[in-house]
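I have a structure here, written as structure tokens, and I will follow up with some questions on it.
Rule-based calculations on the coordinates, nothing more; no lab input. Nothing here was measured: the structure is a model prediction, and the numbers come from that model. Using ideal geometry, Cβ is built from the backbone for each residue, glycine included, and neighbour counts are taken over all protein chains shown.
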Amino acid sequence: MDEATRTERALLALRGLSVSLQSTLEVDDILDGLVRAAVAMAGAEGGIAALCASDGLSGFRRIAGGQLATPDSHWSPGDPIPGRILTTPLPHLCNDVGNDPAVDAQLAARYGVTSLIGTPIHDAGGQMIGFLELHNKKDGTGFTRFDQDQLASAAQIAALAARNAHAFRTVSAIGAKLRESTERYRELVEGLDAIVWEAEVDPFRFTFVSRRAEELLGYPVSQWLEEPDFWVRHLHPGDRERVVGICRQTAAEGRDRRFRYRFLAAGGAEIWLRDHARVVRGERGATLRGVMVDVTEAMANEELLRRSEERFRSIFEGAGIGIAIVDRQGKILHGNPALREMFGNEDQQWETVGLGLDGARFASLVDGNLGRYQEEKLFRGTGGRELWVRLTVSAVQEDCCVHYAIVMLEDVTGRCRAEAEVAQLLARVQSDAAGLEVRVAERTAQLEEINSELDSFAHSVSHDLRAPLRAMRGFAEILLEDGTLDESQRIEYLGRILSAAQGMDLLIQDLLAYSRLSRQEIQLETVSLSQVVAEALRQLDLVAGGKQYRLEVRGELPEVAGHPTVLVQVLLNLLTNAIKFVPGGVHPRLRISAEQGERYCRLYVEDNGIGIPAEHQERIFNIFERLHPIESYPGTGVGLAIVRRAVNRLGGRIGVESRAGEGSRFWIELPRAAKAPLLVATPDPLAARTKPAK
Ligand code: ADP
């Protein structure tokens, strides 16, 4: 074969290898193609090829005895290539393996290799990425320099193919990643609960609208993209001009805008959209990109909140009681007009109004341990007036924390005053009731006394009246039944009957006088005690039956408030007793005197009689009480009872100072004339009950 033919064949073989490896993207396929082509081109018995790529793809092939073998092991740069007989990384030609130091003689002997050529495979950067080695020429001749060059060319083609495969794999990986990222991005955009959009500005035209638009607003995306002015036409007429203006301004100024507007959805509903538009400058000029969010519900909530706030504000402003919002220290942050009115705080300087909320209960409230409490306090209100206020303090919790409290202030001054008045009245009523009870008790005691007096009165009257009647009946029976009586005896008995009748008459007269004294109305007047004494002495002389006595009136006798007739009766009774109760043979000596006190006068009637033992001095003023038998000292026992009743009716008192055998000094105390109010002494209740039946 001549030189030209050989070269032409070689070029054809190399082109064939190049074409076949161009479309080969796997390292294994490149290795297969390379080792087969190289063995064929050089007319070798066999060979080995190894190749790796920078992304880690690697391979190793061997042809021996016409068979292609794929060893299990892989090769990486730096490692010894399995089955490779050459030990140098450089291109090498050897037709006498026995004497070549670049040849592994043992390995050559094992595989029966006598001649060989080898060449490294380099990448574009010069790094060794593989090796190609051919063994034994089939025709028994040695390898030539031509074979060596051809092998180097094949190695270059393989390197290029490896680079291509690597580049293709890299691009494929990038493409896959890009697809993945685009898909993820698309999913994100479509999954957003918002409409993502892009638009050209002039004329305004959507170039992208995410599919969410269809779900939210009901129009197909194609309508957004294809229909001129689609978006502008569906803006709420009330918002259209403003929103279009904002878009233009956004594009012109190139800065982000957030705005809200109403959009008419396909079903006719008004949807509130919040749009965030921003400008992106590119080759095609300014583009708008944005995100639309359906805020209809939020707007409705906002409206509800606004209305609720308005309602609460009107309650706060118009409340008839003071309301204050205070911080955790109890300082007023806001106060309503009623509170201003309470404290006269026109300029709203709330620092000047101290509510004094620093007690233990307020501390417990701000710590979240107490929800609400009430207390009443005294304040100085407008114009310094006293203001009783009931405070209702409630905690306001936010995020499990009390940030402030609401204090309601109720003016309870009126109620407090009324309560104080009621308490006063109650105390007065209670004391009045107590007084009334005392008076009732006194009156009851009096009535009980009167009742018992009445009992003893009735008993005594019947007893004392029956005594003379018994006597009269006894003597009358003797007179009737005893026929033996002589004249003088009959006269004596008749005399005794007469005497009993006289005694009874006297008793009845005294009782009548006593009763009259109780019933009659007594008009008090100024009475001269001198005149009373003079009249009583005159009457004493009439009743004394000529009994002698000595009388001394000591000093001046004053005027008193009293009743002349009644007082004459009183004095006459005392004087009658004074001359009666004297021991036999003793000449009665009487002394009348008076003593003036600040409001009362005392009139004394003193005698030298038998005196009265101390233990009897009280009871002698009771009716029918007598200390002596009638034979010793005659009498009815009514005289001193009349005196006591009369003096009591005149508003005075009576008493006696005496010792048995040493005379007695009776006294009566009467109101002084000048001081005493001239009253009508009302009849004694006893009178009605003692009134004799006629
Ligand atoms: P009477 O004189 O009819 O007995 P009174 O009511 O006048 O009744 O007096 C009651 C009693 O008081 C008398 O019975 C007498 O025992 C006693 N008494 C009254 N006055 C005197 C007096 N001056 N001295 C001593 N005893 C008196």
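Restricting to DSSP H runs of at least four residues, report the calculated mean residue ellipticity at 222 nm for the chain, -39500 (n - 2.57) per run over all residues, nearest 500 deg cm²/dmol.
Taken over the chain, the calculation gives -15000 deg cm²/dmol.
What is the gain in length, in nm to one decimal, between residue 565 and residue 425 on full extension, counting 0.36 nm per residue of separation less the C-alpha to C-alpha distance?
Taking residue 565 through residue 425 to full extension adds about 45.6 nm, to one decimal.
Assuming 0.36 nm per residue, please report the length gained on full extension of the stretch residue 334 to residue 373 beyond their Cα-Cα distance.
Once the chain is fully extended between residue 334 and residue 373, it gains 12.0 nm.
Rounded to the nearest 0.05, what FRET efficiency do residue 632 and residue 433 give with R0 = 60 Å and r taken as the Cβ-Cβ distance? Could you check?
0.65
For residue 349 paired with residue 521, estimate the spin-label separation in nm (one decimal), with each label point 7 Å from Cα along the Cα-to-Cβ line.
7.6
Mind giving me the nanometre distance, one decimal, between the label points for residue 90 and residue 190, set 7 Å out from Cα along Cα→Cβ?
6.3
Quick one: length gained pulling residue 443 to residue 177 fully straight, 0.36 nm per residue minus the C-alpha distance?
83.8 nm is the gain from fully extending residue 443 to residue 177.
Set the Förster radius R0 to 41 Å, insert the Cβ-Cβ distance between residue 106 and residue 156 as r into 1/(1 + (r/R0)^6), and round the FRET efficiency to 0.05.
0.85
Counting other C-beta atoms within 10 Å, which of 177, 580, 547 has the fewest, and how do the rest follow?
Final ranking by Cβ density, sparse to dense: 177, 547, 580.
Then there's this: So, R0 is 60 Å and r is the distance between the beta-carbons of residue 456 and residue 487; what FRET efficiency does that work out to, to 0.05?
Computed FRET efficiency for residue 456 and residue 487: 0.85.
Also: Using unit Cβ charges (K, R positive; D, E negative) and no other charged atoms, how large, in debye to the nearest 20, is the dipole of the chain about its Cα centre?
1780
Next question, about the same structure. For residue 418 paired with residue 236, estimate the spin-label separation in nm (one decimal), with each label point 7 Å from Cα along the Cα-to-Cβ line.
The modelled label-to-label distance comes out at 5.3 nm.
Of 128, 342, 292, how do they rank once you tally other Cβ atoms within 10 Å and put the fewest first?
128, 342, 292
To make sure I understand, if each residue's beta carbon is the centre and we count other beta carbons within 10 Å, what order do 541, 2, 239 fall in, fewest to most?
Arranged by neighbour count, lowest to highest, 541, 2, 239 become 2, 541, 239.
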